[in-house]
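The values are calculated or read from the model by the stated rules, or taken from the named source; none is laboratory data. Everything numeric here is computed off the predicted structure, so don't read it as measured data. With ideal geometry, Cβ positions are generated from the backbone for all residues, glycine too; neighbour counts draw on all protein chains shown.
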């Protein structure tokens, strides 16, 4: 009697193992893409108001994300012009990022802002710029080179063209002859 049940039992067990092996695994869940939607190289953006040049921005690469944020991973150069159309200030940075929702820029790396008229230069490692408020600010260490002195400190609030500024924690002042 054992012989008659054994082949049936063997067939039943082997078919159940085969059926188990035929089950397909659940497909992986889709991964949301968070990278750049667009990329452009060697760009120059001009901004005008009433036929008057207001600013010119140059960048080697710009990435645009789904939420409207922008990244300039290879740096940026920005020129700002005064009411008469004269070059008023420049800004250079190793990298930059635009936060669309907050309407502000963050420049990082070696950041330099120059006021052409006053021949002053600000250097820092991080600087924020709010174009609508025409202001720049940072909580990082700053150095400002004026024609007759060098100021250092931590934290800064200023007009975007550096025509007026205040250093929050002034740590040094060196007169230049």
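How many residues, within the stretch 150-165, are more than 17 Å from residue 90 (Cβ to Cβ) and either at pLDDT below 90 or in contact with a helix residue (DSSP H, G or I) (Cβ under 7 Å, 6 or more places away or on another chain) (or both)?
The qualifying residues number 1.
Every residue, every condition in (1) touching a strand residue (DSSP E or B) at 6+ places or on another chain (Cβ under 6 Å); (2) over 26 Å from residue 65 (Cβ atoms), yes or no:
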site: 105; (1), (2): yes, no
site: 110; (1), (2): no, no
site: 115; (1), (2): yes, yes
site: 132; (1), (2): no, no
site: 150; (1), (2): yes, yes
site: 153; (1), (2): yes, yes
site: 158; (1), (2): yes, yes
site: 166; (1), (2): yes, yes
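Can you spot a residue in the stretch 38-57 that is without any contact (Cβ under 8 Å) to a residue 60 or more places away in the chain, within 27 Å of residue 148 (Cβ to Cβ), out of contact with any helix residue (DSSP H, G or I) (no Cβ under 7 Å at 6 or more places or on another chain) and surrounded by 17 or more Cβ atoms within 10 Å (Cβ to Cβ)?
No - not one qualifying residue is present in the stretch 38-57.
Can you find a residue that is free of Cβ contacts under 8 Å to residues at least 24 places away in the same chain, closer than 30 Å to residue 36 by Cβ, buried (at least 17 other Cβ atoms within 10 Å of the Cβ) and within 15 Å of the chain's Cα centre (by Cα) anywhere in the stretch 99-106?
yes
Select from the stretch 130-176 the residues that are more than 26 Å from the chain's Cα centre (by Cα) and not in a strand (DSSP E or B) and list them in ascending order.
146, 147, 148, 176, listed by residue number.
Please verify whether residue 21 is modelled with pLDDT under 95, within 15 Å of the chain's Cα centre (by Cα) and loosely packed, with under 11 Cβ neighbours inside 10 Å, treating the condition exactly as stated. Spell out the reasoning first.
Values: modelled with pLDDT under 95: yes; within 15 Å of the chain's Cα centre (by Cα): no; loosely packed, with under 11 Cβ neighbours inside 10 Å: yes.
In short, no.
Give the residues of the stretch 69-104 that are part of a strand (DSSP E or B) and at pLDDT below 95, sorted by residue number. Even if it seems obvious, please write down each step before you answer.
Start the filter on the stretch 69-104 by keeping residues that are part of a strand (DSSP E or B), which leaves 70-72, 76-81, 87-93, 95-99, 104.
If the condition is that a residue be part of a strand (DSSP E or B) and at pLDDT below 95, then 78, 79, 80, 81, 87, 88, 89, 90, 91 are the ones that fit.
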